[in-house]
1. Has the stretch 197-215 got any residue that is under 20 Å from the mean Cα position of the chain (by Cα) and farther than 13 Å from Asn248 by Cα?
2. Out of Val37, Val30, report the one residue that is assigned to a strand (DSSP E or B), without any contact (Cβ under 8 Å) to a residue 60 or more places away in the chain and surrounded by 10 or more Cβ atoms within 10 Å (Cβ to Cβ).
3. Report, by residue number, each residue of the stretch 265-276 that is modelled with pLDDT of 90 or more and either closer than 19 Å to Ala103 by Cβ or surrounded by fewer than 17 Cβ atoms within 10 Å (Cβ to Cβ) (or both).
4. Pick from Asn81, Asn47: which is in the same structural domain as Leu259 (by TED's automatic domain parsing), on the phi < 0 side of the Ramachandran plot and of a type in the set (S, T, N, Q)?
5. Could you say which residue among Ser329, Ser309, Ser295 is among the hydroxyl-bearing types (Ser, Thr, Tyr), at pLDDT below 95 and not assigned by TED's automatic domain parsing to the domain that holds Trp216?
6. Among the residues of the stretch 161-199, what is the count of those that are in contact (Cβ under 8 Å) with a residue 12 or more places away in the chain and hydroxyl-bearing (Ser, Thr, Tyr)?
7. Can you say whether Leu152 is touching a residue at least 12 places away in the same chain (Cβ under 8 Å) and within 22 Å of Arg246 (Cβ to Cβ), as far as the supplied structure shows?
8. Which condition number in (1) surrounded by fewer than 16 Cβ atoms within 10 Å (Cβ to Cβ); (2) closer than 30 Å to Arg225 by Cβ is the one that Glu285 fails?
Amino acid sequence: MGQVKITPELQKKFTEANIRFEFGGHSELVYDADFAVISPGIPLKANVIQELLKRNIPVISEIEVAFWYAAAPVIAITGSNGKSTTTSLIAHLLNAAGKSAVACGNLGKPFSEAVYETLESKKMDFFVVECSSFQLETISLFSPHCAVLLNLTPDHLDRYSSFELYARSKMTIFNQQNIEKIAVLNIDDANVRRLAKTKAKIYPVSMQPVEGAVAWYDNDTLCFRYCEKTISIAATDIFLPGLHNRYNILSALSAVIPLLKELDGLDDGLKSFRNIPHRLEFIAEKDGIAYYNDSKATNVDSVKVAISSFKQRIHLILGGRDKNGDFASLAQLLTRYVRHVYTIGEAAEIIEQQLSGFPVTHSEDLKQAIKNARAKAVKGEIILLSPGCASYDQYKNFEERGEHFRNLVEAML
């Protein structure tokens, strides 16, 4: 266990359970195992993983092990963008409909922890699991009752040598599904249409009327049905702005409705849901300038979604650790929506090179970027942190980066 800090509590737990352990590295003992459970952050090409595989020791994901012990159906959500929002919304809707559901996986609480907490009580109707491509690389028997594929755009190309390899890892979510299970597919996404293969019953998601859909938009009205009952809600009554969130809402409803016997509670659940932290999160407004935290935008396509969600002119903070993102592809949207860009972190020079010709200010860190943006912004404009990069150059994770942004903004109030 390389980067895990050993604490007396953790050491005690391992000792009491008679579990051998090593921290800060590993010896040959790691190869004396029936199988190895890999952290998602460790690539399969790592030397220790390659040696395990060479010795025919299975390497599996944490979500695979958790699935072995899960005593309730699993709803698994993957895609390039929108996973955490959709995972949280599905769990929220199920709870609003009177079911017990927990959101877990890649968005915070590990799937294994959620399963462990219910081993004795068995009091859980659904596990709603956000799945990253890293977690899906090493599954075998993992077979969600409902698998949701939101979209597919290039991401993590610092880990995968091609988009096709990245997409292939996502597609493993369908490998063990059969005709009795459910697949929710965004058929408006060309890559999803091209690559998604499943034996499960498909519930399509589209902004156009399509056969088999259980939820759709009629202009600015959300509609969903079960049997002969149809419910309509004004889009303005749901606090999830932007076209991308319309897809998230349709995907969530398409996953939930087939699992319920009636629709009671879903309308209230939609109206009471609030977006997750660090995803287009409103922080504050001062002197007519609004501040939004989108620290969870760790790829370029998430940035495109973010800046397309506002009508006001934007001062955009980009940067962090590069994931081989194509920042030049932002050019058209920047011209339309963004007044100025402020770069931070390791990727700053890369971004500046790719955005040559657009107004960019190099900023050493987030504090300086906010200061620079505040000096240029005027009433009615937005200062938006939507980095398009990983956070690991300056922060432990995107949550820490987002909290730092929040603290810096609130300190100005």
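The values are calculated or read from the model by the stated rules, or taken from the named source; none is laboratory data. Not measured: the values here are computed from a predicted model. Note: ideal-geometry Cβ built from the backbone for every residue, glycine included; neighbour counts use all protein chains shown.
1. no
2. On the way: Val30 fails: assigned to a strand (DSSP E or B).
Among Val37, Val30, only Val37 is assigned to a strand (DSSP E or B), without any contact (Cβ under 8 Å) to a residue 60 or more places away in the chain and surrounded by 10 or more Cβ atoms within 10 Å (Cβ to Cβ).
3. The initial filter retains those residues of the stretch 265-276 that are modelled with pLDDT of 90 or more, namely 265-273.
Correct list: Gly265, Leu266, Asp268, Gly269, Leu270, Lys271, Ser272, Phe273.
4. Numbers: Asn47 fails: in the same structural domain as Leu259 (by TED's automatic domain parsing).
None of the others qualify; the one that does is Asn81.
5. Only one candidate passes the filter, namely Ser309.
6. Of the residues in that region, 4 qualify.
7. On the way: touching a residue at least 12 places away in the same chain (Cβ under 8 Å): yes; within 22 Å of Arg246 (Cβ to Cβ): yes.
For Leu152, the condition - touching a residue at least 12 places away in the same chain (Cβ under 8 Å) and within 22 Å of Arg246 (Cβ to Cβ) - is met.
8. (2)
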